[in-house]
1. Please count how many residues of region 314-325 are aliphatic (A, V, I, L, M) and more than 15 Å from the ligand (Cβ to nearest atom).
2. On the basis of being polar (S, T, N, Q), within 13 Å of the ligand (Cβ to nearest atom) and in contact with a helix residue (DSSP H, G or I) (Cβ under 6 Å, 6 or more places away or on another chain), does Thr162 make the cut?
3. Quick one: count up the residues across region 221-236 that are in contact with a strand residue (DSSP E or B) (Cβ under 6 Å, 6 or more places away or on another chain) and either away from the ligand (no atom under 11 Å from the Cβ) or not in a helix (DSSP H, G or I) (or both).
4. May I ask you to say which residue of Ala239, Ala243, Ala200 is in a helix (DSSP H, G or I), of a type in the set (A, V, I, L, M) and either within 30 Å of Phe401 (Cα to Cα) or open to solvent by 10 Å² or more (accessible area, probe 1.4 Å) (or both)?
5. Restricting attention to region 320-344, report how many residues are in contact with a Leu (Cβ under 6 Å, 6 or more places away or on another chain) and farther than 22 Å from Gly368 by Cα.
6. Condition first: open to solvent by 60 Å² or more (accessible area, probe 1.4 Å) and either within 16 Å of Pro3 (Cα to Cα) or more than 22 Å from the chain's Cα centre (by Cα) (or both). Now tell me which residues in region 29-39 satisfy that.
7. Name the residues in region 246-265 that are of a type outside the set (D, E, K, R) and in a loop (DSSP other than H, G, I, E, B), would you?
8. For region 303-413, list the strands (runs of 3 or more DSSP E) that sit wholly inside it and hold at least 1 residues that are in contact with a Gly (Cβ under 8 Å, 6 or more places away or on another chain) and closer than 21 Å to Tyr227 by Cα; which are they?
Amino acid sequence: MTPKYTLRCIQGGEDAPEHYTTSCPCGHASLLRAEYSKKQLTVRNLPGIFRFCDWLPIHRTLPIVSGPVCFRSIALSRELGIPNLYIGFNGYWPERGGTITTCSFKELEALPTVIRMQEQRPATLVIASAGNTGRAFLQVSALTGIPVVVVVPEKAIERLWTTAPADKAVVIAVTGDYTDAIRFSREICTLPQFLEEGGAKNVARRDGMGTVMLDAAVTIGRMPDYYFQAIGSGTGGIAAWEAALRLVGDGRFGSRLPELHLSQNLPFVPMVAAWNERRRNLVPDTDMPDAQAAISQVYSDVLTNREPPYAITGGVFDALTATSGRMYAISNDEARAAEKLFMDLEGIDLDPAATVCVASLLQACEAGTIDKQKTVFLNITGGGYARVQKDHALIPVRPSFTVPAGALIDVIKQEFLETVKSCV
Ligand SMILES: *Cc1c(COP(=O)(O)O)cnc(C)c1O
């Protein structure tokens, strides 16, 4: 029997064995990509992302409703003079079909990731997060009963909540920043049976996010001409490009790849700086001077990844190159103005990252970098935080452990292992 999908190194073209594999077996600095045996998409009568299970690296589906929605804008469309403006809403907004109770598209990544892990390499997944990703994995753990370990900087704890009790999750707070949380998550993964989630290198994460583009194409009837998204790692941009490549192969949704119009939040805009010089490599001193100070000033801190998958083969640089893409640098004032405009016209509250995306569309209109007669897709990557509280009681998730920045696993090892054991 032909397998549902195989993993292939984008740079070298060799097949990789699937054991929840996230890097090329030959050592290429390249992403792996899932190649699906089905070249034409059949949209299934299943909930949420599972409608698109043909192009997800999983075999099992679950009765979980989280998924992308796409609708044609009326008010913002009129305001901007873009007749074919479509909004992809990834958050909670039941009036529009938005079912993601943790309010960001990270839930679209978390769901196929835990299923892929269970199918390919049963272990306990360890996720380092600055907030939205952690919340998404906690929710998926709560809904599936699959244990996870989430490591966050201490000040992100307040962003961790779910709408179902996350009894099988262990949260660790690190008194430091996101980078310190990543370091401690690697400490945990030195223990047997703990598995690094993989980030952008994980095909389940990318193809989960890719459902946003698939949903756009089946709703509109074709691929959009422009895809707008605010990026921190750029995983969503890569995912949109890969989904578009599959849609081109399908043949029914157009033959031109949507241009990626990606944005970051000033003053932390490393990928804008590098792309504007068409440089493949990020140069920290040039592209992110005074990174720590810059990161502390942005409106949307989920957009502040210092080590994005930009240069790696199949990463953000290649996605922008292949689609003749563009990048935008958005100030906090522009983001706040866009937030108010979107709220007034479309009537839902946004994640700060999504306000950066809306502001980039305003900038594109003003600068004339898009043809307004073409089809524009705006990926609203998060929103509905105010709306969800009307329907759901938000359950805060508390850390089981708090460790200092730079700590080794030994500081909590025994107690930690016992805590995890009591969850499984
Ligand atoms: C993570 C996140 C982003 C950035 O996504 P990437 O494609 O991974 O860079 C944008 N918006 C929201 C709401 C997010 O949580």
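1. Applying the first criterion (aliphatic (A, V, I, L, M)) to region 314-325 yields 316, 319-320, 322.
From what is left, the residues that are more than 15 Å from the ligand (Cβ to nearest atom) are 322.
Qualifying residue count, region 314-325: 1.
2. So Thr162 fails the test.
3. Residues in region 221-236 being in contact with a strand residue (DSSP E or B) (Cβ under 6 Å, 6 or more places away or on another chain) and either away from the ligand (no atom under 11 Å from the Cβ) or not in a helix (DSSP H, G or I) (or both): 7 in total.
4. Result of the check over Ala239, Ala243, Ala200: Ala200.
5. Number satisfying all stated conditions: 0.
6. Glu35, Ser37, Lys38, Lys39
7. Result: Gly251, Phe253, Gly254, Ser255, Leu257, Pro258.
8. 376-380
The values are calculated or read from the model by the stated rules, or taken from the named source; none is laboratory data. From a predicted model like this one, the values you see are computed outputs, not experimental measurements. All Cβ positions, even for glycine, are placed from backbone atoms using ideal geometry, and neighbour counts span all protein chains on display. Keep in mind that these areas ignore ligands, DNA and RNA; they rest on the heavy atoms of the full protein, side chains included. Shrake-Rupley method; radii C 1.70, N 1.55, O 1.52, S 1.80 Å.
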